[in-house]
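For reference, the structure discussed in these notes is given below.
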Amino acid sequence: MKCPFCNHARSKVVDSRTSLEGNAIRRRRECLKCGRRYTTYERVEEVSSMVVKKDGRHENYQRWKVKQGIIKAIHKRPISLEQVEALIDDVEKTVFNAGKQEVTSREIGESVIQRLKKLDEVAYVRFASVYRQFRDINEFMDELKGMLTTPGS
């Protein structure tokens, strides 16, 4: 595991614990060269699932792509990386249920949107604005009005 700060290849584990859902091990590491600390997650590699993109192309599911989109949406919001990991775990359980080998990018995106709406409305709006590719301000305003008039949101 390379240090994300100085790229040194050696580190020591200073803390290790199971994630809240029990499907990953969270390790706190310290670089042996620069001394900075960082967190890694260790999880069982799942059977590769295919994602059908909007244009019909197929590609392997890559968790980091989902995480990258969520990280952009939660920028400067009070959401921890543990909450992001739990959200992604929940999305994966839902969309890849019963060993489903192929899902659409739309299924993944809508599942993320539903969970972000419950977690943080600002992050939800950010993610939805990119994911749903609103054509103009009126579509965006319709989405916001829908949020304001929906009970329980």
| task | Hey, could you check the range 19-73 for residues that are modelled with pLDDT of 90 or more, surrounded by 14 or more Cβ atoms within 10 Å (Cβ to Cβ) and of a type in the set (Gly, Ala, Ser) and say which is nearest to the chain's Cα centre (by Cα)? | result | GLY69
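Within the range 74-87, take every residue that is in contact with an Asp or Glu (Cβ under 8 Å, 6 or more places away or on another chain) and of a type outside the set (Gly, Ala, Ser) and give me the one that is surrounded by the most Cβ atoms within 10 Å (Cβ to Cβ).
ILE74
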| Among the residues of the range 98-119, which ones are outside any helix (DSSP H, G or I) and aliphatic (A, V, I, L, M)? | VAL103
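The values are calculated or read from the model by the stated rules, or taken from the named source; none is laboratory data. Just so it is clear, the model here is predicted, and its values are computed rather than measured. Please note: Cβ atoms are built from the backbone with ideal geometry, for glycine as well, and neighbour counts cover all protein chains shown.
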